[in-house]
Amino acid sequence: MNLTGKTVCITGIGGFIGRRSAQIAKERGMNVRGIEMNVAKAEELKREGFTVIVGNTSDPEILKEAVKGADFILHTAAVVREGGSLEEFRKVNVFASVELAKIAKESGARGMIHLSSVMVYGFSYPNYVDEQGPFRGEGNPYCITKIEGESELVRLNDPDRFGILIVRPGDVYGPGSIPWVVRPVQLMKKKLFSLPDGGKGTINLTYVDNLVAGTLLALEKEAWGQSFNITDDHPMTWKEYFFRLADAAEISRPPSLPAWLLKTFVVLMEYGFGVFGKRPPATREGVNFLLRQNPVSIEKAKSVLGYKPVVDTEKALQFTFDWVKTQVKSL
């Protein structure tokens, strides 16, 4: 399918992934509109020529206005944190996602691409796990609700009327990435960042442009009802990644601590911040994210979609680190 001239509505268009998706879709000749909660981000996007509805994806009226006239929905909006209230996660990652799909179908849209995550496999998945799983919530609200959201949405898949397509990105990085660039630099600057067990775990590097390329490719192929892992196909240890990030920022490389000791410190930090009603800078669940040992497989995306990263990993890392060098003082 030729995407030129098609209209896509992007939820969370002001976010790191949403904004880059909007820019690339526009470059590809698509008409782009979206939903964004943050007024300042919405105004920035409007100045770039995008149609942006300011509001929350949990508001049905906002959804109806945003999807009007859209051929496709790219659903990037989600609660993305290491931990928190299961009900808060479920409200956005499950209930709002299902409501969006139903409203989009009623509006005449052709289908929805749901941005999920490789975290549906949990923290202790097999080496090169593929799209068949196993799926493991492991008591984490993000993992649990990403699994639930996928399950509910797939039930709505109707390729002849309204298709559902699932994309599972790895660890998405690039200039402006909050979890894998901005926050680590901020914590390292404050000497609040340590690697568990020597940083031997695996980061499933996924450059944002490669994610968007894979997502649009799946849409072009109209791969309704299917799920795809998307990464750079270049796994790396957390130690190497964070050491290189620290070097780019010209700050001290993070030390290593045994995972059990690091979690103990984090528990004390959580308690201390909780006393004052504040969110701690790190959580036990965050440590678990850095203990994942194995890469995920993208063989299905390669064979079914013909996917391959459009930006080489070393170039992508260099783009990212160059951005860090210019922004580190303001982070």
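The number of residues in the stretch 213-257 that are closer than 21 Å to Pro169 by Cα and either of a type in the set (Ser, Thr, Tyr) or part of a loop (DSSP other than H, G, I, E, B) (or both) comes to 15.
Just one of Val182, Val172 is under 22 Å from Phe16 (Cα atoms) and part of a strand (DSSP E or B); which is it?
Working: Val182 fails: part of a strand (DSSP E or B).
On inspection, the qualifying residue turns out to be Val172.
Apart from one condition, Asp197 fits all of (1) within 16 Å of the chain's Cα centre (by Cα); (2) on the phi > 0 side of the Ramachandran plot; the exception is (1).
Exactly one residue among Gly163, Gly139 is surrounded by fewer than 20 Cβ atoms within 10 Å (Cβ to Cβ) and either in contact (Cβ under 8 Å) with a residue 24 or more places away in the chain or not in a helix (DSSP H, G or I) (or both), and that residue is Gly139. Check the stretch 148-157 and report whether any residue there is at pLDDT below 95 and surrounded by fewer than 18 Cβ atoms within 10 Å (Cβ to Cβ). The answer is no; no qualifying residue exists. Of all residues in the stretch 120-133, exactly one satisfies the criterion of being outside any loop (DSSP other than H, G, I, E, B) and in contact with a Pro (Cβ under 8 Å, 6 or more places away or on another chain), namely Tyr121. Considering the conditions (1) over 21 Å from the mean Cα position of the chain (by Cα); (2) surrounded by 18 or more Cβ atoms within 10 Å (Cβ to Cβ); (3) in contact (Cβ under 8 Å) with a residue 40 or more places away in the chain; (4) farther than 23 Å from Glu150 by Cα, Arg28 is excluded by exactly one of them, (2). Determine whether the stretch 108-119 contains at least one residue that is assigned to a helix (DSSP H, G or I), touching a Phe, Trp or Tyr at 6+ places or on another chain (Cβ under 7 Å) and not small (Gly, Ala, Ser). Checking the stretch 108-119: at least one residue is assigned to a helix (DSSP H, G or I), touching a Phe, Trp or Tyr at 6+ places or on another chain (Cβ under 7 Å) and not small (Gly, Ala, Ser).
Out of (1) touching a residue at least 60 places away in the same chain (Cβ under 8 Å); (2) assigned to a loop (DSSP other than H, G, I, E, B); (3) within 25 Å of Glu220 (Cα to Cα), the odd one out for Leu156 is which? Of the numbered conditions (1) touching a residue at least 60 places away in the same chain (Cβ under 8 Å); (2) assigned to a loop (DSSP other than H, G, I, E, B); (3) within 25 Å of Glu220 (Cα to Cα), the odd one out for Leu156 is (1).
Based on this model, can you work out whether Glu148 counts as touching a residue at least 40 places away in the same chain (Cβ under 8 Å), within 18 Å of the chain's Cα centre (by Cα) and within 30 Å of Thr313 (Cβ to Cβ)? Taking the combined requirement at face value, the residue does not satisfy it. Does Gly84 qualify as being in a loop (DSSP other than H, G, I, E, B) and free of Cβ contacts under 8 Å to residues at least 24 places away in the same chain? Criteria not met by Gly84. Any chance the stretch 296-310 includes a residue that's exposed (fewer than 15 other Cβ atoms within 10 Å of the Cβ), more than 22 Å from the chain's Cα centre (by Cα) and over 25 Å from Val120 (Cβ atoms)? No, because not a single residue in the stretch 296-310 is exposed (fewer than 15 other Cβ atoms within 10 Å of the Cβ), more than 22 Å from the chain's Cα centre (by Cα) and over 25 Å from Val120 (Cβ atoms). Within the stretch 1-36, the set of residues being in contact with a strand residue (DSSP E or B) (Cβ under 8 Å, 6 or more places away or on another chain) and either at pLDDT below 95 or aliphatic (A, V, I, L, M) (or both) comprises Val8, Ile10, Ile13, Ile17, Ala22, Ala25, Met30, Val32, Ile35. Among the residues of the stretch 219-247, what is the count of those that are over 27 Å from Ile166 (Cα atoms) and either surrounded by 19 or more Cβ atoms within 10 Å (Cβ to Cβ) or touching a Cys at 6+ places or on another chain (Cβ under 6 Å) (or both)? Of the residues in that region, 5 qualify. From Ser107, Ser85, Ser116, which residue is closer than 12 Å to Asn140 by Cα, hydroxyl-bearing (Ser, Thr, Tyr) and either at pLDDT 95 or above or touching a helix residue (DSSP H, G or I) at 6+ places or on another chain (Cβ under 8 Å) (or both)? On inspection, the qualifying residue turns out to be Ser85.
The values are calculated or read from the model by the stated rules, or taken from the named source; none is laboratory data. Worth saying up front: this structure is predicted, and the values here are computed from it rather than measured. Cβ sites come from the backbone with ideal geometry, for glycine too, and all protein chains shown count toward neighbours.
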